[in-house]
1. Nearest 10 degrees, 0 to 90: what angle lies between the long axis of helix 7-27 and the longest principal axis of the chain (Cα atoms)?
2. List, in order, the whole-Hz ³J(HN,Hα) value for each residue of region 51-62 obtained from phi through the Karplus relation with A = 6.51, B = -1.76, C = 1.60 and θ = phi - 60°; use x for Gly and Pro.
3. Can you give me the C-alpha center-to-center distance between region 37-80 and region 9-23, rounded to a whole angstrom?
4. Using only C-alpha atoms and all pairs of different ones, pull out the Kirkwood radius for the chain in Å with one decimal.
5. So for each of 73-79, 5-11 I average, over its residues, the number of other beta carbons within 10 Å; can you give me the resulting order with the highest mean first?
6. Nearest 10 degrees is fine. How inclined is helix 32-48 to the longest principal axis of the chain, computing both from alpha carbons?
7. For ASP73, put the label point 7 Å out on the Cα→Cβ axis and report which residues of region 6-30 keep their amide N under 20 Å from it.
8. Helix-derived [θ] at 222 nm for the chain: sum -39500 (n - 2.57) over DSSP H runs of at least 4, divide by residue count, nearest 500?
Amino acid sequence: MARALDLQDFIVRAKVLKLYRQALRVVRRAPDGARDELKQTIRQEMENNRNCNDRQTIRFLMSDGLERLKRLDETLDMQGR
């Protein structure tokens, strides 16, 4: 049975899902050949860390994910996508 989420867990979960949705939106701008691979990579990263319960680790992963998403977004902007 799944454990009940406290308020902090709920907020963190919402932020993680927001990051995931943002990443999928950015991937839509990627070239057709890279789009599927990027989606798969994003999904795999989320799945690999699905059971992480340590808030400090989650904060690190979120920070890393946001930075990586920012770099991808900038790269796509430079390519005019």
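Just so you know, all these numbers are worked out from the coordinates, no wet-lab data involved. These numbers come from a predicted model, not from an experiment. Every residue, glycine among them, receives a Cβ derived from its backbone with ideal geometry; neighbour counts consider all protein chains shown.
1. Approximately 10 degrees, to the nearest ten.
2. After applying 6.51 cos²θ - 1.76 cosθ + 1.60, I find 9, 6, 10, 7, 5, 5, 5, 4, 4, 4, 4, 5 Hz.
3. 11 Å
4. For the chain, the Kirkwood estimate is 13.8 Å.
5. For the peptides 73-79, 5-11, the packing ranking is 73-79, 5-11.
6. 10 degrees
7. Correct set: 12-30.
8. Calculated mean residue ellipticity at 222 nm is -26500 deg cm²/dmol.
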